[in-house]
Amino acid sequence: MKFIETRGNDGVHPSEVTFSEAILSPIASFGGLYVPKELPYLGVAFLTKHLNSSYKELAKDLLTTLAIDIEPSVIDEALSLYDKFDDSSNPVPVVKVRDDLYVSELYHGPTRAFKDMALQPFGVVLSSIAQKRGEEYLILAATSGDTGPAALETFKNRPNVRVVCLYPDGGTSDVQRLQMVTEDAPNLKVIGIHGDFDDAQSALKKLLGSVTFKATLKSKNISLSAANSVNFGRIIFQIIYHIHSYLELVRQSVIVMDEKIYLDVPSGNFGNALGGYYATKMGLPIEKIIIASNENNVLTRLINSGHYDLRNDKVVPTTSPAMDILISSNVERILFDLFGTVRTKELMQGLENERFYALSDDETMKLQALFSADYCNGAEGKGYIKEAYDSGYLMDPHTATCFKAYDCCATKPLKTIVYSTAEWTKFSPTIANALTGESDANDIDALKSIASTANISIPSMIQGLFSKPIVQDTVIDKENIETEILKFL
Ligand SMILES: *Cc1c(COP(=O)(O)O)cnc(C)c1O
């Protein structure tokens, strides 16, 4: 499979690249992204073939069919990481929560959020490409919560890759911070910044554009790469679980093969939803993909009105922080698929320069044929958490946004898969508040309260964080980031 560019070619970048090249340098001409040149249509034959396959067998065959330039032994090693999920025979359980509504749980990996689904295998793949080329890579990540822990976990002790992870000190949950600052490996550096996530992110962008910084890296024979969610090396692993979840419903005799269903996705940067879109393009019988947001509802407005409008917008902090986003980067890949390179470039430049673009009525209808959308505020979300809990299901605030979108958007009487992207342990104060009304100042009190209310135990990898030694204790002003990174290198 070859990759082409969403905004066309500038004559400097190659006009087509391989999968490995798209992973190592994810930014294409004119600031665009890489997309598959074509996707095979697999249809019902592929689904039937894999009705009784394990997750890994399905994944292996899909990746082989997509013909990426990664050796089979590396793919095997990458996929073997799913063996370390809670249930090695099924890393992604699908459970019934209401009539017609099933939850696919994407959080059973080492850091208890869905970022592991893609970042776990991605770490193996990136490190192996770097080794094969005899190159050293530095990955810089700014995180507001879930990406940092998942990136550190996957690259820990992997050859030829070093990771520096910036987080806003005081701006993440206790569990998320502890997951980062207790990670001990010589190739990892975690840096807290005095400031908020935007400060961490803009400091990182400045560094990525700095000529002197890049020259210094070059003199040390180190190249920069990125593990953010526009990297196709992550997207490719997010196609698999949509197919798996559909097949689970067939296996559970909830649907018959080829019956249409809805997918309902809590969305931020649109990587999860994009994986569902690609699966649909390859023949998964999906009626529509429902896009759930929180109060940062730019995707709801885009899909319902055709306008991507940030002219009066600021990120508002919510109880589902992993979706607190205004620029949802992977939407660009949908624009490309529907409207082509010329229009995509025009629209994306509008967004970059004027913080606004408007689709035509015809374009909006094309988008609405694929997606429906709605958003959920914090109070509504807590209501859904309480309601699900009372009927026997404990879920996190990101998952809860999907229930509102389901009530609004699943208009036909079809089965629906809601994606659950985080375990209750990662956002415990909000959940404790939803269940009992209490307001806990910190995670450990909320975890204990939920555990005793629900009569469950706190998973050992979360409980253990609170007694692990803190090895990453650097907290600095953002002016000193470059010095700190060079000290580490
Ligand atoms: C990253 C994340 C999301 C958003 O996923 P996208 O692929 O960026 O749309 C939703 N929920 C949780 C818990 C996450 O960590």
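The values are calculated or read from the model by the stated rules, or taken from the named source; none is laboratory data. Just so it is clear, the structure is predicted and the values come from calculations on it, not from any experiment. Using ideal geometry, Cβ is built from the backbone for each residue, glycine included, and neighbour counts are taken over all protein chains shown.
Quick rundown of the values:
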{"read-out": "Flag if L247 is touching a helix residue (DSSP H, G or I) at 6+ places or on another chain (Cβ under 9 Å), more than 12 Å from the ligand (Cβ to nearest atom) and at pLDDT 95 or above", "value": "yes"}
{"read-out": "Residue satisfying condition, being hydrophobic (A, V, I, L, M, F, W, C), within 16 Å of the ligand (Cβ to nearest atom) and not in a helix (DSSP H, G or I), within set A322, A292, A279", "value": "A292"}
{"read-out": "Pair list, Cβ < 9 Å and 6+ apart or interchain, from segment 253-271 residues that are assigned to a helix (DSSP H, G or I) to residues that are near the ligand (Cβ under 6 Å from one of its atoms)", "value": "G271/S229"}
{"read-out": "Selection count where residues are in contact (Cβ under 8 Å) with a residue 40 or more places away in the chain and away from the ligand (no atom under 16 Å from the Cβ), scope segment 389-405", "value": "3"}
{"read-out": "Filter pass, S229 being touching a residue at least 60 places away in the same chain (Cβ under 8 Å), in a helix (DSSP H, G or I), surrounded by 20 or more Cβ atoms within 10 Å (Cβ to Cβ) and not aromatic (F, W, Y)", "value": "no"}
{"read-out": "Residue identified as within 25 Å of I4 (Cβ to Cβ), in contact with a strand residue (DSSP E or B) (Cβ under 6 Å, 6 or more places away or on another chain) and away from the ligand (no atom under 16 Å from the Cβ) among L224, L208, L204", "value": "L224"}
{"read-out": "Condition check for Q238: under 17 Å from the mean Cα position of the chain (by Cα), under 30 Å from G276 (Cα atoms), at pLDDT below 95 and assigned to a helix (DSSP H, G or I)", "value": "no"}
{"read-out": "Every residue from segment 299-316 that is surrounded by 20 or more Cβ atoms within 10 Å (Cβ to Cβ) and either part of a helix (DSSP H, G or I) or acidic (D, E) (or both)", "value": "L299, T300, L302, I303"}
{"read-out": "Selected residue (only one of F237, F197 is in contact with a helix residue (DSSP H, G or I) (Cβ under 6 Å, 6 or more places away or on another chain) and in contact (Cβ under 8 Å) with a residue 12 or more places away in the chain)", "value": "F237"}
{"read-out": "In segment 95-142, the residues that are within 16 Å of the ligand (Cβ to nearest atom), in a strand (DSSP E or B) and out of contact with any Asp or Glu (no Cβ under 6 Å at 6 or more places or on another chain)", "value": "V103, S104, E105, A141, A142"}
{"read-out": "Pairs, first of a type in the set (A, V, I, L, M) in segment 88-117, second surrounded by fewer than 16 Cβ atoms within 10 Å (Cβ to Cβ), C-beta under 7 Å, six or more apart", "value": "V103/V95"}
